[in-house]
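What follows is one structure encoded as structure tokens, with my remarks underneath.
The values are calculated or read from the model by the stated rules, or taken from the named source; none is laboratory data. As the structure is a prediction and not an experimental result, all values here were calculated from the model. FYI the Cβ positions are ideal-geometry reconstructions off the backbone, even for glycines, and counts take in every protein chain you see.
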Amino acid sequence: MGWLLIILSLTVLWIASLCKVLFAPSKASFLDNGHCFIKKNVLLVIAHPDDESMFFSPTINYLIARGHNLHILCLSVGNADGMGNLRKNELYQACAVLKVLLEKVRTLDHPDLQDGFGKVWNHSLVAKIIEEEISGAGIDVIITFDQYGVSGHCNHRDVHYGVCKYFHDTSRRDIEAWELVSTSLFRKYIGPIDIWLSNFYSKRIPERLTHCIVNEHPKKSFHAMAQHSSQWVWFRKLFISLSSYTYVNTLRKIDK
Ligand SMILES: [Zn+2]
């Protein structure tokens, strides 16, 4: 009886949280100075095709809806096995769903940046690639993984350290850098319920250092992930439905 009550309460909370995501307007103020709109050139740096849909879609939807120029730099074509071109095309299809302009999406297939656990990526190499991207596209803001990289994947973590290496070496202090906060395993799989916890934790930190972004179009995120046909297996469908990263992103400013 006790368990039944807990399951029933969680179901009600899940539905109520989903309704909040779907019907309540987002109150996020990321890149909003409160006075006038200034269009920013934002660079999202990811490790693999599908990172954008699995983890960053609330942020992508937020930026696109507000008219910012979003560039995506994907540092590998995923676990190739001769599928490099397929995975690259899947990324472009997902970006089309997310309304990211395809000419602003760049995917690399560098021999030293291959997908996989145990494949260590050189942070200086990542930093150099990021530097080229920043100067080529006039980037104002960088967004990437934090040091745990959501799933603990070493490629995600190396992307983070590559961004940090760039800021360590550069004199450019005008570029803002933000990281996607990794949550505990419990919070990662409570779906939309995590919007309350993300909001609570964000409020404990000054607003200029953290932002909680609730996804304005979670259905679009699901549809974007479905474009990754080679990865669209049952457990990823389940992941996208249950993962809190489909519903909310917490961004924290990287201390440069
Ligand atoms: Zn990944």
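For the criterion of being farther than 29 Å from Phe222 by Cβ and touching a helix residue (DSSP H, G or I) at 6+ places or on another chain (Cβ under 6 Å), Val120 fails. Filtered by the rule that a residue be more than 21 Å from Arg187 (Cα to Cα) and polar (S, T, N, Q), the stretch 209-252 gives Gln227, Ser229, Ser230, Gln231.
Among the residues of the stretch 198-215, those identified as at pLDDT below 95 and either among the aliphatic types (A, V, I, L, M) or surrounded by fewer than 19 Cβ atoms within 10 Å (Cβ to Cβ) (or both) are Asn199, Phe200, Tyr201, Lys203, Arg204, Ile205, Pro206, Glu207, Arg208, Leu209. A single member of Leu70, Leu22, Leu5 is touching a strand residue (DSSP E or B) at 6+ places or on another chain (Cβ under 7 Å) and among the hydrophobic types (A, V, I, L, M, F, W, C), and it is Leu70.
Within the stretch 56-87, the residues that satisfy the criterion of being surrounded by fewer than 18 Cβ atoms within 10 Å (Cβ to Cβ) and within 26 Å of Lys40 (Cβ to Cβ) are Ala65, Arg66, Gly67. Scanning for something outside any loop (DSSP other than H, G, I, E, B) and within 16 Å of the ligand (Cβ to nearest atom), does the stretch 16-31 turn up at least one residue? Checking the stretch 16-31: not a single residue is outside any loop (DSSP other than H, G, I, E, B) and within 16 Å of the ligand (Cβ to nearest atom).
Restricting the stretch 215-256 to residues that are among the aromatic types (Phe, Trp, Tyr) and in contact (Cβ under 8 Å) with a residue 60 or more places away in the chain leaves a set whose member that is nearest to Phe145 (Cα to Cα) is Tyr245.
The set of residues in the stretch 102-121 being touching a residue at least 12 places away in the same chain (Cβ under 8 Å) and surrounded by fewer than 19 Cβ atoms within 10 Å (Cβ to Cβ) consists of Lys104, Arg106, Leu108, Asp109, His110, Asp112, Gln114, Gly116, Phe117, Gly118, Lys119, Val120. I need a count of the residues in the stretch 140-181 that are surrounded by fewer than 23 Cβ atoms within 10 Å (Cβ to Cβ) and small (Gly, Ala, Ser). Summing the residues that are surrounded by fewer than 23 Cβ atoms within 10 Å (Cβ to Cβ) and small (Gly, Ala, Ser) in the stretch 140-181 gives 4.
Give the stretch 56-86 a look and list any residue that's over 30 Å from Lys119 (Cα atoms) and among the hydrophobic types (A, V, I, L, M, F, W, C), or say none.
Across the stretch 56-86, the qualifying residues are Leu63, Ile64, Ala65.
Of the listed requirements (1) buried (at least 19 other Cβ atoms within 10 Å of the Cβ); (2) among the aliphatic types (A, V, I, L, M); (3) closer than 26 Å to Val21 by Cβ, Ala96 misses just one: (1).
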